[in-house]
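The values are calculated or read from the model by the stated rules, or taken from the named source; none is laboratory data. No experiment lies behind these values; they were computed from the predicted model shown. Neighbour counts run over all protein chains shown; Cβ positions are idealised from the backbone, glycine included.
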Amino acid sequence: MSPRIAFNAQLLSYRQWYRSAGISRYIDRTLAHLAPLLDPERLAVFVGPDVPIGAPSLAGLRIIRTRLPTRHPVVRIAWEQIALPLLLGRWRADLLHAPAYVAPLASPCPTIITFHDLSFYLVPEAFNRQNRFYLQTFSRLAARRARRIIAVSECTRSDVIRLLGIRPEDVAVVYNGVDPSFRPEPDPARLARFRQEKGLPDRFILFLGTLEPRKNLRGLLYAYAEARRRGVTEPLIIAGGRGWQVQPILRVLDELGLRSSVRLTGFIRSDEQPLWYNAATLFAFPSRYEGFGLPVVEAMACGTPVVASNRASLPEIVGDAGVLVDPDDVDKLATALVSVLRDEALRRELARRGLERARHFSWEAAARATVTIYHEALACPHSAIPVMRRD
């Protein structure tokens, strides 16, 4: 009989806000592609009260819903550490997949944890004190009790091994995928209607992601201001939900006098994102730290030229398919923006390389690799990963 696999999907969200991106996208796509590979009756998905029953990624799966408002972090943490172990025991789970850094410390079954990054260690200033303390403390404890760890890039794997002291052989890389909806738009008329509907110009620079400090939007604004001094007239569109510490970004916008040439759209629904990428002349993503960098892959899959940071996982993910620059060098970032905007041949070449590069990232492949890790974890005779000694 196949094992009983439990999946903690409390961070799955379909609300129109910034928490529907990132980890929620990972959960949604992973579950959608795990379902055909496992016995759906023996895959239990624990969701919060706001997840709609008819969510496509949950079709056919055993759904266990909590009535508690786990969208609130304190409630979710308490539920994960107290209620979830009881539910796992009641359901007789053989394995729990915790898709976001932390698993119950008293889990009655072996656990697998996905690490998307270690920004709470490497960019601590981007977190409030309580959130940083929780993630640093509980992720380390949970990782040392886990049967296996999934990292979404070699960069994240290296960070997990180095910062948490986990043995290299017990941390596997499973790259995120890109959904087939992210592709060059085949219907020019549809794209033209979208431009008209959203009031978009023929040419513009796009940033898409949650507005938060590590995305380096202040640096992008300084570089864009310099690019305008060099003759760039294309507007900059900053798309994405507001995360935290947004006010410093808005202050820079006013200090540089860019209100008339920079547009903030707010949260963008996932079904509209491919059209935004397709409409853009250039996608700029100068983040200081990314564990994977899903927006750059989605932009490349749409054939949109990419200018990105040369930090953390982004060189690994982008390869030679984009222009990579130091995110803290305003002059070089401005030069990259100007070069790509002015050089049509370069844009065509980057688009070609990006389409080819994006084909390396598949949610189907990610799901198959995840199932392999499930089987490896279940076959492992040890209840936890031995940690590396630190002399």
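Key figures
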{"quantity": "Looking only at region 319-335, and only at residues there that are in contact (Cβ under 8 Å) with a residue 24 or more places away in the chain and either among the small types (Gly, Ala, Ser) or closer than 16 Å to PRO295 by Cα (or both), the one that is surrounded by the fewest Cβ atoms within 10 Å (Cβ to Cβ)", "calculated": "GLY319"}
{"quantity": "Cβ pairs under 6 Å, 6+ apart, first in region 38-61 and without any contact (Cβ under 8 Å) to a residue 60 or more places away in the chain, second loosely packed, with under 11 Cβ neighbours inside 10 Å", "calculated": "ASP39/SER2; PRO40/GLY60; ARG42/SER2; PRO49/ARG67"}
{"quantity": "Residue under evaluation GLY291, criteria (1) without any contact (Cβ under 8 Å) to a residue 40 or more places away in the chain; (2) part of a loop (DSSP other than H, G, I, E, B), criterion not met", "calculated": "(1)"}
{"quantity": "Members of region 132-171 found to be closer than 23 Å to ALA358 by Cα and in contact with a strand residue (DSSP E or B) (Cβ under 6 Å, 6 or more places away or on another chain), listed by number", "calculated": "ILE150, ALA151, GLU154, THR156, ARG157"}
{"quantity": "Test: residue in region 73-86 that is polar (S, T, N, Q), surrounded by fewer than 21 Cβ atoms within 10 Å (Cβ to Cβ) and modelled with pLDDT of 95 or more", "calculated": "yes"}
{"quantity": "Hits in region 169-213 - residues which are of a type in the set (Phe, Trp, Tyr) and under 17 Å from GLY240 (Cβ atoms)", "calculated": "PHE182, PHE204, PHE207"}
{"quantity": "Every residue from region 261-280 that is surrounded by fewer than 21 Cβ atoms within 10 Å (Cβ to Cβ), small (Gly, Ala, Ser) and touching a strand residue (DSSP E or B) at 6+ places or on another chain (Cβ under 9 Å)", "calculated": "SER261, GLY266"}
{"quantity": "Residues satisfying the stated conditions in region 266-288, i.e. among the polar types (S, T, N, Q) and assigned to a helix (DSSP H, G or I)", "calculated": "GLN273, ASN278"}
{"quantity": "Selection within region 285-318 - more than 16 Å from the chain's Cα centre (by Cα) and crowded, with 24+ Cβ neighbours inside 10 Å", "calculated": "CYS302, THR304, PRO305, VAL306, VAL307"}
{"quantity": "Check on ILE238, part of a helix (DSSP H, G or I), touching a residue at least 24 places away in the same chain (Cβ under 8 Å) and among the β-branched types (Val, Ile, Thr)", "calculated": "no"}
{"quantity": "Within region 207-229, tally of residues that are more than 24 Å from GLU125 (Cα to Cα), in contact with a helix residue (DSSP H, G or I) (Cβ under 6 Å, 6 or more places away or on another chain) and either crowded, with 21+ Cβ neighbours inside 10 Å or of a type in the set (Lys, Arg) (or both)", "calculated": "1"}
{"quantity": "Test: ARG311 is closer than 23 Å to LEU355 by Cα, touching a Pro at 6+ places or on another chain (Cβ under 8 Å) and among the basic types (Lys, Arg)", "calculated": "yes"}
{"quantity": "Entirely in region 308-374, the helices (runs of 4 or more DSSP H) that have 2 or more residues that are small (Gly, Ala, Ser)", "calculated": "330-342, 344-358"}
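The rows are residues; the columns are (1) of a type outside the set (S, T, N, Q); (2) in contact with a Cys (Cβ under 8 Å, 6 or more places away or on another chain); (3) surrounded by fewer than 18 Cβ atoms within 10 Å (Cβ to Cβ).
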| site | (1), (2), (3) |
| --- | --- |
| CYS109 | yes, no, no |
| VAL123 | yes, no, no |
| ASN131 | no, no, yes |
| LEU135 | yes, no, no |
| ARG147 | yes, yes, no |
| GLU154 | yes, no, yes |
